[in-house]
Amino acid sequence: MSEYVKPSVAGLFVGCGGLDFGFQATGYEIGWANEWSADAAKSYAQLIGHDVVVGDIWDHLEQIPQVEVIVGGPPCQAFSLVGKRLEDDPRAKLVFAFEQAIERVMPQAFVMENVPGLMASKIDGQRLPIHLAEQFTRLGYEVTILRLVATDFFVPQKRQRVLMVGHRFPRRVFSLIDSVTFAQLLGDSELRKPISVAEALDDLPAPLAKGSKASAAYLTAPHSAYSRLMRRSGQTAVTLQAMPTMSLLDREFVRHIPPGGNYTNIPDSVATKRILSFKATGGRTTTYGRLHPDRPAYTINTYFNRPNVGANYHHQEERLITVREALRLQSFPDHFSPYYSNQRSLHMQIGNAVPPLMAQALAESLRGLFV
């Protein structure tokens with residue numbers, strides 16, 4: 001980024017910091033952050049090096065300083081609001097707290113990240129993204145709605161997200177950075193999309209004993225452009241590479257599932273009634289799914305420690321993926337070890353995060369408007 005241009009950023013709903021980390025890595029200055037989870041706030045401070053205002057965003061809107069960019073991923077379950085009933089007051093929905101923040105601060109630009117469920121939400125029959133876009137347009141913003149897949153930005157994961165980008169730069173057009181230019185900016189022209197599971201994970205060590213908090217030395221030198229990127233800080237070992245907890249049934253199931261397979265590969269003789277029901281009805285690609293070495297992973301969700309909620313079986317070994325492997329598939333650098341008070345908190349932080357490489361691509365794309 002140009003030496004004299006370093007836009008300031010306020011992060012809302014920051015979680016453990018994936019979105020803000022991408023902006024910081026691109027040269028933006030983090031000026032303020034808010035998160036309701038105390039664990040995630042500590043992880044954010046460790047990753048970003050900036051304190052977080054912990055609490056409900058509705059209680060802190062007036063504290064947001066004058067910044068040039070506001071970013072955030074407000075949680076948004078699909079909903080439908082009709083009329084003006086108090087119980088359906090849109091101000092109770094966190095996505096509208098983000099809208100209020102933009103209206104109060106009027107930054108030069110904003111990025112709102114969310115899951116595709118945002119597209120299913122409606123207000124009096126109008127789709128929520130269209131409603132929000134109209135509100136932001138009235139404030140003077142040029143608004144772009146994007147549907148993105150993380151694999152386009154070297155994230156080894158088929159994660160889909162809806163983003164809304166707005167800016168107030170006259171006669172300037174927001175456009176996404178292309179992968180060749182992005183690879184050059186990341187400093188490794190050998191990066192090629194899509195990044196496979198093997199490229200992402202195969203230099204990591206075998207898991208330590210269950211519950212171990214020790215560090216484990218890498219299995220090999222960086223074996224791919226992606227692993228070089230994840231190991232850029234130069235450490236010789238990783239944390240959070242401990243054997244996941246698995247039931248006897250989980251262990252039995254994975255023995256029958258080949259890489260790229262799923263519940264359909266589990267023999268009826270060992271399948272549960274639930275799995276037999278799935279076989280009868282079909283349509284659950286990732287249930288009891290096993291990663292394929294030559295393809296990206298499916299979405300890493302907050303239940304990556306369970307085989308029945310996503311494709312979370314390891315591609316080579318008969319086990320679930322570790323926390324470090326989930327972080328790798330989310331594109332968090334290896335030096336990052338989130339703070340957590342319990343395992344559920346840890347899994348939620350990772351599964352809810354914006355992949356940093358996707359965030360960095362957005363930050364690089366937005367940067368062109370400031371120079």
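Read-outs: derived from the displayed coordinates by stated rules, not from any lab. Quantities reported herein were computed from a predicted structural model and do not represent experimental measurements. Every residue, glycine as well, gets a Cβ built from its backbone with ideal geometry; the counts of neighbours run over all protein chains shown.
Less than 16 Å apart at the alpha-carbon level, and either on another chain or at least 8 residues along: which aspartates and glutamates does that give for K193?
D152, D178, D294
So what is the relative contact order of the chain, in percent, for Cα pairs below 8 Å that sit 6 or more residues apart?
Taking the mean separation of contacting Cα pairs over the length of the chain, I get 19 percent.
Calculate, in nm to one decimal, what V173 and R255 gain on full extension: separation in residues at 0.36 nm each, minus their alpha carbon distance.
Between V173 and R255, full extension yields an extra 24.3 nm.
Please order L61, L276, L19 by the number of other Cβ within 10 Å, starting at the fewest.
With the sparsest Cβ surroundings first, the list reads L276, L61, L19.
If I stretch the segment between E190 and Q126 completely, what's the gain in nm (0.36 nm per residue apart, minus their alpha carbon distance), one decimal?
Stretched out fully, the E190 to Q126 stretch lengthens by 18.6 nm.
Give the average over all directions of the projected area of the C-alpha convex hull of segment 205-278, one decimal, in nm².
6.8
Could you please rank F13, F370, placing first whichever residue has the fewest other Cβ atoms within 10 Å of its Cβ?
Least to most surrounded, the residues fall as F370, F13.
So how do K193, K273, K210 line up by other beta-carbon neighbours within 10 Å, fewest first?
By the 10 Å Cβ count, ascending, the order reads K273, K210, K193.
Just need log10 I(q)/I(0) for the chain at q = 0.06, 0.11 Å⁻¹, Debye formula, equal scatterers on the alpha-carbon atoms, no solvent, rounded to two decimals.
Treating every Cα as an identical point scatterer, log10 I(q)/I(0) equals -0.23, -0.79.
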